[in-house]
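First up is the structure itself, then whatever we jot down about it.
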């Protein structure tokens, strides 16, 4: 079994051979191909043995494709709308009309930033009340123009600062959930990386929810759960397993509808392939949802969230 050090050493060897071939004019393509084949097999083996905590780390990987990068890769056209029409704008939660495979949609997405400065201004994707009010404004436009709503979620949670509390972040989240549930158009969510607490579900209470293979979706972070239940943030790996925050258990519980595959090693290893899989999955679901009559769609949405989870079923079995 190859460990991380062995994989990194092989990656460095492949990079070294590529440099030698480009600079020295020596044909090393066969040697590189053999090493890449071995590297792929090692990654695949390691990938299959990953724990839930390993997937949490992949969801947070600094090079993981996110936000605007994926929006530009997946849509042919995107026009950003800004402002909540109440005096503010939030760069952490963005959106606007876009074109995807010839279909006009309304897009909402968390943006975590690509540079240190941008990450600081976006608060790593943690939105303030202005962001959720802007999202509701865009949902209202989608209703008027009959545009399906696509939400791309990637946030540790809503911004917990004093200013957010002063501006009633809890009410903004609640109103955003209510607005999402009452949409008169089809709606779809993809959890791209982290789907944290109310900050995520505020725009994710949609007709269908998809998850990238190494994304997470949970009411609390593993560190937060560990601090509360184990009184030790170092118990985060144990908490991650207990929370069942990865895609396989969530699809079993019925909280998500499809797992979107990622390249071996994670989305950051091949952003183009990641965008291709994401685009195909989103396009298929939007086409299916758009073919369902509105009354039936809203009835299915009500049933989905009225019966979410397995608590009722478990209680019935015990009775």
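Laboratory data are not the source of any read-out in this text; all were calculated from the coordinates shown. Computed from a prediction, not measured in an experiment: that's the story for all the values here. Ideal geometry is used to build each Cβ from the backbone, glycine not excepted, and the neighbour counts take in all protein chains shown.
Points to keep in mind about this one:
- Helix-derived mean residue ellipticity, 222 nm - over the chain, DSSP H n ≥ 4, -39500 (n - 2.57), to 500: -15500 deg cm²/dmol
- Net lengthening on full extension, residue 13/residue 258 (0.36 nm per residue, minus Cα-Cα): 84.5 nm
- Burial ordering of 45, 154, 54, fewest other beta-carbon atoms within 10 Å first: 45, 54, 154
- FRET efficiency, residue 280 to residue 121 (Cβ-Cβ, R0 25 Å, nearest 0.05): 0.15
- The stretch 111-213, Cα convex hull volume normalised per residue, Å³: 93 Å³
- Cα gyration tensor shape of the stretch 154-270, rounded if a/c is under 1.5, else prolate or oblate by comparing a/b with b/c: oblate
- Distance between modelled label sites at residue 63 and residue 294, nm, 7 Å Cα→Cβ extension: 4.7 nm
- Anisotropy class of the stretch 48-89 from Cα gyration tensor, a/c 1.5 cut: oblate
- Extension gain, residue 170-residue 182: 0.36 nm per intervening residue step, less the Cα-Cα distance, totals 2.5 nm.
- Anisotropy class of the stretch 55-311 from Cα gyration tensor, a/c 1.5 cut: rounded
- Arranged from fewest to most other beta-carbon atoms within 10 Å of their beta carbon, 136, 86 become 86, 136.
- Ranking of 207, 257 by neighbouring Cβ atoms within 10 Å, starting from the fewest: 257, 207.
- Net length gained if the chain between residue 141 and residue 163 were fully extended (0.36 nm per residue, minus Cα distance): 5.2 nm
- With a simple spin-label model that places each label point 7 Å from the Cα along the Cα-to-Cβ direction, the separation between residue 270 and residue 223 comes to 3.2 nm.
- Computed over the chain with a Gaussian network model linking Cα atoms closer than 10 Å, the most mobile of 120, 110, 268 is 120.
- Each label point was placed 7 Å from the Cα along the Cα-to-Cβ direction; for residue 53 and residue 23 their separation is 4.0 nm.
- Cα centroid of the stretch 243-270 to Cα centroid of the stretch 143-195, whole Å: 21 Å
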